[in-house]
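Report on one structure; see the data block that follows.
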Amino acid sequence: MEQGGGLLDEALGDLSRRVVLLEDCVDTSAAFVLHHILKRSLSQPPHSTSNAVVFVAFAHPFSHYDRILRRLGCNLAAQRDNNRFFFLDMLMDCPDEGKNSDCGLIALYGKIQKTISALAQENNCVTVMIDDISLMEVAAKGSTNLVLDFLHYCHTLISESGCSLIMLNHKDIYSGTAKPTLILQMEYLADILIRAEPLATGLASDVHGQLTVKNRGIYDGHEGSRNKVSNFQFKVKENGVEYFYPGSKT
Amino acid sequence: MRSSTPWGFADFCFEREAKAKRRNQPTDRSGRRIEVPKNRKPVDSVSAAMSATKTRTSSFSRNFLAANSHQIPGLKHGPNGIMFISSGIPDLDKILGGGFSLGSLVMVMEDAEAPHHMLLLRSFMSQGLVHNQPLLYASPSKEPRQFLGTLPSPAVPKDDKSSHRDPDEEKGLRIAWQYKKYFGENQQSFDRDGKHEFCNEFDLRKPLERQFLSGKCIDCVSIQDSPNLITLHDRCATFLSQFSRSDGSISSVGRIAIQSFCAPQCEYTDMEWDMLSFLRSLRAMVRSSNAVAVVTFPPSLLLPSFSIRWQHMADTLLSVKAIPDEDKELEKLLTGYQDMVGLLNVHKVAQNNTQVPVILEATTYSMKLKRRRFMVLECLNQAPIDDSSGSSYGTSGSCSVSSKTGALDF
């Protein structure tokens with residue numbers, strides 16, 4: 001029962017060159033996984049010189065993330081000054097105001113591309129994070145194609161430059177729709193799928209929900225199990241998250 | 001790895017504080033222990049010493065005590081550097097851990113057939129006016145200003161207070177069952193003795209006095225005839241620009257109340273994406289200003305997937321539901337069924353500046369009108385089981401609140 005996210009890290013494995021999709025619902029937010037990955041990507045692993053994160057924020061302002069990550073032991077403001085953390089605030093500057101509705105996302109893609117190409121010269125491993133795809137859909141006035149185009153462009157970009165892409169979406173939005181194209185395509189793109197759900201018995205103060213991590217693995221042939229599925233429960237705290245197998249909580 | 005970073009020490013401090021909190025032994029700044037009644041929630045305390053221990057949940061946060069924290073009436077410091085304003089219903093404030101947090105979007109799912117959301121909306125608006133906070137009210141009626149005449153007036157604090165306390169408090173003895181009911185009592189009297197009232201109790205049968213309505217910054221918008229949301233958006237933007245959070249100090253706090261946002265009278269109801277993008281920008285605007293917006297909407301009028309999108313948009317999500325008049329089964333199951341006017345469900349509590357979700361003891365509360373005047377929220381209590389009806393296993397088996405809410409979830 002370790003604070004650092006042992007079970008989750010074990011299930012995720014190496015995140016470089018991977019596409020990760022987080023899915024959550026109204027009752028249980030998966031934002032804490034996003035915070036965990038953000039912290040992990042910014043804290044320096046021994047083998048690489050430096051990592052960088054491009055964070056596209058639709059849901060919360062910088063102050064929100066800054067405060068949370070500080071609790072986790074990572075100073076976003078300092079990382080931003082060191083040019084390792086790039087925060088693209090999409091809350092206020094509505095991408096589509098007055099102009100053609102696709103301008104916003106194209107401009108956003110342009111920003112991401114510029115940042116990554118600037119960083120690529122230093123041989124960095126860049127992580128692109130998008131905190132709420134459903135709000136991106138709202139920004140695109142409901143045009144699923146526009147969002148999908150954006151995601152495909154991003155996917156191509158990151159696979160060319162060896163980055164990774166982390167995105168969050170709300171699964172329950174699409175559960176009632178007849179043609180959930182967006183979420184299906186996103187799941188197809190993703191190498192790792194993380195789903196946060198409440199317990200079937202409802203919310204409890206000891207167990208905040210359960211995570212299912214579906215890791216497709218890197219296709220290098222000699223490993224037999226390509227699809228690794230892990231399932232565990234979690235309890236979110238200010239300075240970390242406890243992960244444990246169902247029933248093993250003392 | 002952690003100990004090698006400069007944050008290692010901070011983590012240690014934080015853990016130590018967390019431990020101190022767990023032991024439930026608040027101390028004041030000089031280290032003396034304060035005697036606190038056992039089951040009282042420290043969140044609602046008005047006393048300065050208590051708020052000092054409460055706001056300093058992390059070693060990073062500033063000590064707000066130095067800057068006199070209660071200079072603006074109706075504001076209260078919460079954890080993680082957030083501020084609370086009152087919802088106008090003391091019980092709801094308590095449930096939400098202090099009130100509505102500043103900068104949050106509160107959404108209330110209406111019962112399509114009953115006006116219970118109006119009770120929440122009225123209390124919210126009245127409380128703001130009593131605290132002298134500017135208000136923007138939008139409604140699908142022709143004359144939104146008329147609604148102001150129906151706002152409730154705060155109960156007279158002193159003389160009424162003693163009379164509205166439960167009569168059996170004076171008696172030396174009482175039958176103590178369902179102990180939880182009595183836990184709050186000490187707490188409440190403590191709150192009232194505070195220097196100023198963070199939250200008033202509203203007398204729903206007495207209209208708000210003219211003095212509160214006149215000369216205040218009250219903006220009313222009718223959303224009935226507007227073909228799109230641009231007007232409403234602009235009104236909200238200009239209203240919120242007064243409260244922008246650019247500098248650290250808070251001079252005033254604004255409240256926005258939007259009633260029945262997707263009501264069919266409005267011409268824009270078929271523009272689902274426009275409504276969503278309005279909510280999105282409202283949320284962003286409120287987030288960056290010292291204001292709270294309450295939006296009520298009937299979810300049954302929206303497509304299911306859009307209804308969930310709206311719910312995701314909310315920082316705090318509540319729903320109200322009327323209870324049927326003659327539901328014999330429910331009547332047998334719950335005490336005080338006769339006094340109940342409806343049920344309030346808390347789906348989500350704002351998680352601004354924190355990743356820890358708020359897990360409530362119960363998510364369903366009964367709305368009651370005390371003496372037909374004051375709105376109170378209570379946990380559902382199971383009725384004592386009649387000996388004659390002891391045969392039914394279901395009623396006797398579940399005695400925890402949480403298992404019951406499952407049956408009553410909507």
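Note on B:270-280: average number of Cβ atoms from other chains within 10 Å of each residue's Cβ is 4. Protection proxy ranking for B:253-266, B:324-337, A:232-245, using the average of other Cβ atoms within 10 Å per residue and placing the highest first: B:253-266, A:232-245, B:324-337. Note on A:Asp14/A:Lys249: beta-carbon distance plugged into 1/(1 + (r/R0)^6) with R0 of 41 Å gives a FRET efficiency of 0.90. In terms of the mean number of neighbouring beta-carbon atoms within 10 Å, the peptides A:157-167, B:117-127 order highest first as B:117-127, A:157-167.
Of all beta bridges that DSSP places with both ends in the stretch B:203-359, some 60 percent have antiparallel geometry.
Across peptide A:58-67, the average count of Cβ atoms from other chains found within 10 Å of a residue's Cβ is 5.
Secondary structure note: in chain A, about 40% of the DSSP beta bridges are antiparallel. Both numbers refer to the Cα atoms of the stretch A:17-193; Rg and Dmax are 15.6, 47 Å.
Oblate is the label for the stretch A:140-250. Its Cα gyration tensor axes, ordered a ≥ b ≥ c, give a/c of at least 1.5 and b/c at or above a/b. Taking every residue in B:355-366 and counting other chain Cβ atoms within 10 Å of its Cβ, the average works out to 5. Note on B:Leu213/A:Ser143: beta-carbon distance plugged into 1/(1 + (r/R0)^6) with R0 of 51 Å gives a FRET efficiency of 0.70. Highest-first packing order for the peptide set A:144-151, B:80-87 is B:80-87, A:144-151, based on the mean count of other beta carbon atoms within 10 Å. For B:Trp273, the solvent-accessible surface computed with a 1.4 Å probe is close to 50 Å², ligands and nucleic acids excluded. Using a cut-off of 32 Å between Cα atoms, the listed pairs A:Lys114/A:Lys141; A:Lys214/B:Lys321; B:Lys94/B:Lys332; B:Lys328/B:Lys348; A:Lys179/A:Lys214; A:Lys235/B:Lys332 include A:Lys214/B:Lys321; A:Lys235/B:Lys332 as exceeding that distance.
The values are calculated or read from the model by the stated rules, or taken from the named source; none is laboratory data. These numbers were taken from a predicted model, which means no experiment stands behind them. Cβ coordinates were reconstructed from backbone atoms using ideal geometry, including for glycine residues, and neighbour counts include every protein chain displayed. Note: areas computed on protein heavy atoms with side chains; ligands, DNA, RNA excluded. Shrake-Rupley method; radii C 1.70, N 1.55, O 1.52, S 1.80 Å.
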